[in-house]
Amino acid sequence: MIIGTPLRALNKKTAFKFPDRCVNCGQPKAELLGLSLDLGTQAKIPNLQIQVPMCKVCADKERRVAMVTLIPFLVAGLLIGIAVCVPVALVAPEGTTIQTQAFPLVLGAFAGLIGGTLGGSLVEFVVKMLAAPFYGKLLLQRPLTAVSLFSARDDLIGLSARLSSADQTLQLIFENDEIAREFAQLNPQETP
Ligand SMILES: [Zn+2]
């Protein structure tokens, strides 16, 4: 379930109220995890911090989510990058001038970077598919690591925050519809 808030309604006083239980599974709250989102130029504040209640189990799961996103990407990307870089560097013709002598290395590194990024993303995608039953379906909506650096969003298990630049709203996407309905009741002015 998606709850939208116009960006212009956000200001320094904005403090979303959450039900006093885990945003993902509804168990009693054990700790608060932070979401942070850059709002761009449309809002009155540049950046929004949200404190999200979570139970111990889900918070631990969230802290381990790098195991199925960042780590497969880095490990597979590195291995595939090396596997591409070395043969390309060996096969590429060496230049005859001083300026072009390093050409095989440059070409190898470039091919390795591209191959590593693509290969790492593919492996990350597959690992995420396999992990989704355990981490929840919002995991599948998280952008791949290679893309996430360029996207205006932040994710936790059970809750994603993102900017919709098309209609200038902040979107909060809940995995758990019951929590989302309680959230909407707790924040009536925020949800037109
Ligand atoms: Zn939980």
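The values are calculated or read from the model by the stated rules, or taken from the named source; none is laboratory data. These figures come from a predicted structure and were not determined experimentally. Positions of Cβ are generated from backbone atoms using ideal geometry, with glycine treated the same way; all protein chains shown enter the neighbour counts.
Go through the range 128-147 and report how many residues are buried (at least 17 other Cβ atoms within 10 Å of the Cβ) and free of Cβ contacts under 8 Å to residues at least 60 places away in the same chain.
Qualifying residue count for the region: 1.
Which residue pairs have Cβ atoms closer than 8 Å, lie 6 or more positions apart in sequence or on different chains, and pair a first residue in the range 39-66 that is touching a residue at least 12 places away in the same chain (Cβ under 8 Å) and of a type in the set (A, V, I, L, M) with a second residue that is assigned to a helix (DSSP H, G or I) and within 13 Å of the ligand (Cβ to nearest atom)?
Filtered contacts from the range 39-66: M54/E62; V65/Y135.
Among the residues of the range 5-28, how many are more than 23 Å from the chain's Cα centre (by Cα), within 16 Å of the ligand (Cβ to nearest atom) and either free of Cβ contacts under 8 Å to residues at least 40 places away in the same chain or under 26 Å from S148 (Cβ atoms) (or both)?
3
Identify all residues within the range 156-180 that are surrounded by 14 or more Cβ atoms within 10 Å (Cβ to Cβ) and under 18 Å from R21 (Cα atoms); write none if there are none.
Scanning the range 156-180 gives L156, I157, G158, L159, S160, L172, I173, F174, E175, N176, I179, A180.
All but one of (1) within 16 Å of the ligand (Cβ to nearest atom); (2) outside the structural domain of L186 (by TED's automatic domain parsing) hold for L78; which doesn't?
Of (1) within 16 Å of the ligand (Cβ to nearest atom); (2) outside the structural domain of L186 (by TED's automatic domain parsing), only one is false for L78: (1).
Quick check on the range 29-45: of everything there that is among the small types (G, A, S) and modelled with pLDDT of 85 or more, which residue is farthest from S148 (Cα to Cα)?
Initial filter on the range 29-45 (among the small types (G, A, S)): 30, 34, 36, 40, 43.
Pick out the ones that are also modelled with pLDDT of 85 or more and you get 30, 34, 36.
Working: A30: 28, G34: 17, S36: 14 Å.
Checked the range 29-45; the qualifying residue farthest from S148 (Cα to Cα) is A30.
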